[in-house]
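Worksheet: the structure to be examined is printed underneath.
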Amino acid sequence: MQLTLTPTTLQIHLTGQERLWAFHLGCLIEVPLTKITRVTTELPVSTWREIRAPGTYLPGVIKAGTYYTERGREFWYVTDWSSVLHLEIQDDYYQEIILTVADHLTWVERIRQRISPPIQFSVDT
């Protein structure tokens, strides 16, 4: 998996193997930066009420694909539960995207810098 930050989007490029396990037809998931509301390294709580449609789940090995939860539609591709990038998204196809990413802490900071509004200073006169 490869992540790319453009001036307006976060692009998630899936390999053929990742597409196979996730049952995802496209090789690109594109998220507008303006729609990302939160980025963390925390895993969302999973419950027995999740619907996997379609996807793969082998406990402790892989959770991949589209899942419908109380939070909404989510995309998962997690193979290492200690290196997670978790995006919360508003008004887009997926409400959350949870990925295993090398250098996940670096990606959290890079994305946070891009989605945070610039600090504006005012001078009192």
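Pick out the one residue from W107, W76 that is touching an Asp or Glu at 6+ places or on another chain (Cβ under 9 Å) and not basic (K, R). Spell out the reasoning first.
Values: W107 fails: touching an Asp or Glu at 6+ places or on another chain (Cβ under 9 Å).
The unique qualifying residue is W76.
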Q.
Within the stretch 65-72, does at least one residue satisfy the condition of being under 20 Å from T4 (Cβ atoms), modelled with pLDDT under 95 and not in a loop (DSSP other than H, G, I, E, B)?
A. no
Q: Taking D92 as meeting all but one of (1) surrounded by fewer than 19 Cβ atoms within 10 Å (Cβ to Cβ); (2) at pLDDT 95 or above, write down the number of the exception.
A: (2)
(Q) Tell me whether the stretch 12-33 contains one or more residues that are among the charged types (D, E, K, R), under 17 Å from R73 (Cα atoms) and touching a strand residue (DSSP E or B) at 6+ places or on another chain (Cβ under 8 Å). (A) yes
Q. Looking at the stretch 73-100, which of its residues are closer than 19 Å to H13 by Cα, of a type in the set (S, T, N, Q) and assigned to a loop (DSSP other than H, G, I, E, B)?
A. T79, S83, Q95
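Does W81 meet the test of being in contact (Cβ under 8 Å) with a residue 12 or more places away in the chain, surrounded by fewer than 14 Cβ atoms within 10 Å (Cβ to Cβ) and among the hydrophobic types (A, V, I, L, M, F, W, C)?
Answer is yes for this residue.
Does the stretch 106-118 contain at least one residue that is assigned to a strand (DSSP E or B) and of a type in the set (V, I, T)? Steps first, please.
Residues of the stretch 106-118 that are assigned to a strand (DSSP E or B), as a first pass: none.
No; the residues of the stretch 106-118 include none that is assigned to a strand (DSSP E or B) and of a type in the set (V, I, T).
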Q) If you scan the stretch 29-64, which residues turn out to be within 26 Å of P7 (Cα to Cα) and surrounded by fewer than 11 Cβ atoms within 10 Å (Cβ to Cβ)? A) E42
Q. Taking the stretch 11-27 as the region of interest, how many residues are over 16 Å from T100 (Cβ atoms) and either among the polar types (S, T, N, Q) or part of a loop (DSSP other than H, G, I, E, B) (or both)?
A. 5
(Q) Residue under question is I98, and the condition is that it be in contact with a strand residue (DSSP E or B) (Cβ under 7 Å, 6 or more places away or on another chain), at pLDDT 95 or above and not basic (K, R); does it hold? (A) yes
Q: Please find, among T56, T34, the residue that is farther than 20 Å from A102 by Cβ, assigned to a helix (DSSP H, G or I) and touching a residue at least 12 places away in the same chain (Cβ under 8 Å).
A: T34
Q) Could you say which residue among L10, L14 is within 19 Å of Y93 (Cβ to Cβ), in contact with a Cys (Cβ under 8 Å, 6 or more places away or on another chain) and crowded, with 17+ Cβ neighbours inside 10 Å? A) L14
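The values are calculated or read from the model by the stated rules, or taken from the named source; none is laboratory data. These figures come from a predicted structure and were not determined experimentally. Quick reminder, even Gly has a Cβ in these numbers, built from the backbone with ideal geometry, and neighbours come from all protein chains shown.
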